[in-house]
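These notes are about the structure you will find just below.
The values are calculated or read from the model by the stated rules, or taken from the named source; none is laboratory data. Source: prediction; values computed, not measured. Note that each Cβ is placed from the backbone with ideal geometry, even for glycine, and that neighbours are counted across all protein chains shown. With ligands, DNA and RNA removed, areas are computed over all heavy atoms of the protein, side chains included. Shrake-Rupley method; radii C 1.70, N 1.55, O 1.52, S 1.80 Å.
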Amino acid sequence: MNKQVMIEVMNLSKSYKGVEVLKGINLQVEKGSIFALLGSNGAGKTTTIKILSTLLKQDGGEVKLAGFDVVKKPREVKKNIALTGQYTAVDEILTGRENLFMIGKLLGIENTKAKVEMLLKQFDLLDDADRRVSTYSGGMKRKIDIAMSLMGTPNIIFLDEPTTGLDPQSRKSMWKTIKQLSKTGVTIFLTTQYLEEADELADKIAILDKGVIIAKGTNDEIKNIIPSNIIELYFRTAEETEKANLLLNKYNAIIVENSNKLRIETHDSVNEVIDILNDLKAVNLEVENFEKKKASMEDVFLKVIGHDEERRGFRCKQ
Ligand SMILES: Nc1ncnc2c1ncn2[C@@H]1O[C@H](COP(=O)(O)OP(=O)(O)OP(=O)(O)O)[C@@H](O)[C@H]1O
Ligand SMILES: [Mg+2]
């Protein structure tokens, strides 16, 4: 049997002052899963989250949360969701425990005290619960923010870039928190700029680029699109770079914009690299320098976008 769909986005579009920032996106998120919307700055991630959480009205398309239309049934939608981020609700003068308690009272929930203690424990904040939030680290502030949004037992939680700006240790701790949260059955919709974060956390990933979903699927499906490694070859002149590009066409070589650099995806095979260098040597094309890189999100974008475009001579940003 198919799992229940908690978030359904159909042909969603949005413009700001005539500039289209979401261009007809389609998504489905299953109940209890973690979904990551992956994209770089300005891709449209926050805009999507704002529409899904009823803070912003779309121009076109339909969005349903827990079966309720965000435009027609905003009140029912709000009952199902929790939105975190920017710790807007967190009062810095109050302690962590007091903040949670205050939200519990505002929401009028029963057993506020027990719920507060449970969340403090779940988020590993018991030791710091009686300190003012103003003394918390960035990671702890985010945790208390998420804990506050969970006082109301939401079915769906939105996390807009939950780890951006956190140090590696706090990021790991936040990942753990999100995974634990997921085990409670809540559906999590998060945005991130980090491929490894989406990989670590999400059951399904969608890559958003300039308002368009350019790839979506499970981690493995997404990874299959991504080249395992990139090599870059530096040449002396633009002419030599062009020549090498033509010669290495079968490897889907790409010239890096405004440079004499050629980028090639490899699958970590030494023989492949040797073949490439031999091909160049055979026509006396001298490689000035050589660099091996891990694939970045930019490379993923290139790869996905490249499917629909003429690849030969296709250029990419530095
Ligand atoms: N209120 C607004 N008025 C005009 N343009 C806006 C507004 N909000 C966002 N935009 C534009 O819409 C595009 C998408 O913005 P959005 O904030 O959704 O991106 P994002 O993926 O969340 O980026 P970031 O990673 O920087 O948070 C950007 O080009 C942005 O400049
Ligand atoms: Mg954003």
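Tabulated values for the structure
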item: Failed item, numbered, when residue 36 is tested on (1) touching a Phe, Trp or Tyr at 6+ places or on another chain (Cβ under 7 Å); (2) within 14 Å of ligand 1 (Cβ to nearest atom); (3) not acidic (Asp, Glu); result: (1)
item: Extreme residue, nearest to residue 113 (Cα to Cα), among residues of region 146-156 that are in contact with a Ser or Thr (Cβ under 8 Å, 6 or more places away or on another chain) and surrounded by fewer than 21 Cβ atoms within 10 Å (Cβ to Cβ); result: 149
item: Selection count, region 166-180, where residues are more than 17 Å from the chain's Cα centre (by Cα) and touching a residue at least 40 places away in the same chain (Cβ under 8 Å); result: 2
item: Elements of type helices (runs of 4 or more DSSP H) in region 40-152, at least 3 residues being within 26 Å of residue 206 (Cα to Cα); result: 45-52, 74-80, 138-149
item: Residue list for region 25-40, restricted to those being at pLDDT 95 or above and farther than 24 Å from residue 185 by Cβ; result: 25, 26
item: Selection count, region 218-245, where residues are touching a residue at least 12 places away in the same chain (Cβ under 8 Å) and either within 24 Å of residue 283 (Cα to Cα) or more than 25 Å from the chain's Cα centre (by Cα) (or both); result: 15
item: Cross-chain or 6+ apart pairs with Cβ under 6 Å, region 143-165 first and within 13 Å of residue 193 (Cα to Cα) and within 16 Å of ligand 1 (Cβ to nearest atom), then open to solvent by 10 Å² or more (accessible area, probe 1.4 Å) and not polar (S, T, N, Q); result: 160/85; 163/171
item: Some residue of region 276-294 being surrounded by 15 or more Cβ atoms within 10 Å (Cβ to Cβ) and either in contact with a Ser or Thr (Cβ under 7 Å, 6 or more places away or on another chain) or at pLDDT below 70 (or both); result: no
item: Complete set of residues in region 195-217 that are surrounded by fewer than 16 Cβ atoms within 10 Å (Cβ to Cβ) and either modelled with pLDDT under 90 or within 16 Å of ligand 2 (Cβ to nearest atom) (or both); result: 196
item: Filtered residues of region 224-268 (kept if of a type in the set (Gly, Ala, Ser) and in contact with a strand residue (DSSP E or B) (Cβ under 7 Å, 6 or more places away or on another chain)); result: 244, 253
item: Meets criteria (over 22 Å from residue 185 (Cα atoms), assigned by TED's automatic domain parsing to the domain that holds residue 156 and open to solvent by 60 Å² or more (accessible area, probe 1.4 Å)) for residue 71; result: yes
item: Single residue of region 1-17 satisfying the filter (open to solvent by less than 80 Å² (accessible area, probe 1.4 Å) and either of a type in the set (A, V, I, L, M) or outside any strand (DSSP E or B) (or both)) that is farthest from ligand 1 (Cβ to nearest atom); result: 5
item: Residue check for residue 77: crowded, with 17+ Cβ neighbours inside 10 Å and touching a strand residue (DSSP E or B) at 6+ places or on another chain (Cβ under 8 Å); result: yes
item: Residue satisfying all of: in region 153-165; in a loop (DSSP other than H, G, I, E, B) and not β-branched (Val, Ile, Thr); farthest from ligand 2 (Cβ to nearest atom) among these; result: 155
item: Every pair of residues 6+ apart whose Cβ atoms lie under 6 Å, when the first sits in region 29-53 and is in contact (Cβ under 8 Å) with a residue 40 or more places away in the chain and within 20 Å of residue 70 (Cβ to Cβ) while the second is of a type outside the set (Ser, Thr, Tyr) and assigned to a helix (DSSP H, G or I); result: 37/45
item: Any hit, region 24-35, residues being open to solvent by 40 Å² or more (accessible area, probe 1.4 Å) and not in a strand (DSSP E or B); result: yes
item: Lone qualifier among 151, 118 - being aliphatic (A, V, I, L, M) and at pLDDT 90 or above; result: 118
item: Filter result (away from ligand 2 (no atom under 16 Å from the Cβ) and at negative phi) within region 20-32; result: 20, 23, 26, 27, 28, 29, 30, 31
item: Region 46-63: number of residues that are open to solvent by 10 Å² or more (accessible area, probe 1.4 Å) and of a type outside the set (Gly, Ala, Ser); result: 10
